[in-house]
Amino acid sequence: MKLASVHFYPVKSTMGHDVPEAEVEPWGLKDDRRYLVATPEGQMLTAREEPRLLTCRAEVSGGTLTLTGPHREPLRVTPTALLTEVRVWRTEVKLTDCGDEAADWLSALLGRSVRLVWLDDPTRRPVNPKHGTPQDRVSLADGYPVLLASTTSLDRLNDWIAETAVERGEEVPAPLPMRRFRPNVVVSGVEEPFAEDGWKRVRIGEVDFRVTKPCDRCVLTTIDPDTLEKGKEPLRTLAKYRRIDKQLLFAVNLIPDGTGVIRIGDPVVPS
């Protein structure tokens, strides 16, 4: 087994970056999901509610964030010194506001008033204590620092989706790309589909991770990131084949037990 691809997302729910290597920090890949978009009242927003976030590209260079979108010229973001509380799922997190210019740029993109906020101190947000230790931290990812997916599992899922379409007399859709699932690391060479569900630990290159639990998938996976159209897949097929404890599962969540650099082609060794 080997590491097939590496991905990170500087602003939660915006376009991802495919990179040849990434630095693993205790709370996730370097620069992954350190920013998010929130309402003025302090409620997190994602592409689940605002699919147009998927048209925004965020790049980090020299510690500076630049936003690019279809509606305006690119914007370099300068965070303020103002801390504000934002509700990230069920947790209130202190985040740094990124100023009126960034707010105006994103509000124009989404057609509603929003703010951009930054997790300046990544030690502020703990992981769910049910699946981690009191010392574990996470950036602004949904719940855990790193998401791992397997190409073998995606191939099986796409086969199931095609079979479901045939059974229903529908046109067989094009296979879903991995980016629908927004993983950080993708592994190839796994012998059996969904074998990763049973892993307890995994070593990627020289970095060790704990496998916490399979990932429950949501409506975001049904949005085509190119057209923003919503469909029924993959949730319809996951509900048929991968519904476990009322959750629709694909990919697994990881917590780093060390730091270092992971690279495409690195060996992947589960245990």
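Some observations on this one:
- Checking residue 139 against (1) polar (S, T, N, Q); (2) in a loop (DSSP other than H, G, I, E, B); (3) out of contact with any Asp or Glu (no Cβ under 8 Å at 6 or more places or on another chain), the condition it does not meet: (3)
- When residues of region 94-141 are limited to those that are crowded, with 20+ Cβ neighbours inside 10 Å and β-branched (Val, Ile, Thr), the one modelled with the lowest pLDDT: 127
- Out of 165, 174, one residue alone is surrounded by 15 or more Cβ atoms within 10 Å (Cβ to Cβ) and free of Cβ contacts under 8 Å to residues at least 12 places away in the same chain. It is 165.
- Residue within region 236-252 that is without any contact (Cβ under 8 Å) to a residue 12 or more places away in the chain and of a type in the set (Lys, Arg) present: yes
- Single residue of 59, 92 found to be closer than 24 Å to residue 126 by Cα, outside any loop (DSSP other than H, G, I, E, B) and in contact with a strand residue (DSSP E or B) (Cβ under 9 Å, 6 or more places away or on another chain): 92
- Members of region 198-222 that are part of a strand (DSSP E or B) and polar (S, T, N, Q): 212
- Among (1) under 21 Å from residue 47 (Cα atoms); (2) modelled with pLDDT of 95 or more; (3) assigned to a loop (DSSP other than H, G, I, E, B) - the single one residue 147 does not satisfy: (3)
- Residue within region 20-31 that is in the same structural domain as residue 86 (by TED's automatic domain parsing) and small (Gly, Ala, Ser) present: no
- Residue that is over 20 Å from the mean Cα position of the chain (by Cα) and either assigned to a loop (DSSP other than H, G, I, E, B) or surrounded by 14 or more Cβ atoms within 10 Å (Cβ to Cβ) (or both), where the choices are 225, 193: 193
- Hits in region 238-268 - residues which are surrounded by fewer than 13 Cβ atoms within 10 Å (Cβ to Cβ) and assigned to a strand (DSSP E or B): 243, 244, 267
- Identity of the residue in region 32-90, more than 20 Å from the chain's Cα centre (by Cα) and among the hydrophobic types (A, V, I, L, M, F, W, C), that ends up surrounded by the most Cβ atoms within 10 Å (Cβ to Cβ): 77
- Test for residue 149: is it over 19 Å from the mean Cα position of the chain (by Cα) and surrounded by 21 or more Cβ atoms within 10 Å (Cβ to Cβ): no
The values are calculated or read from the model by the stated rules, or taken from the named source; none is laboratory data. Just so you know, these numbers come straight off a predicted model, no measurement behind them. Here Cβ is always computed from backbone atoms with ideal geometry, including for glycine, and neighbour counts include all displayed protein chains.
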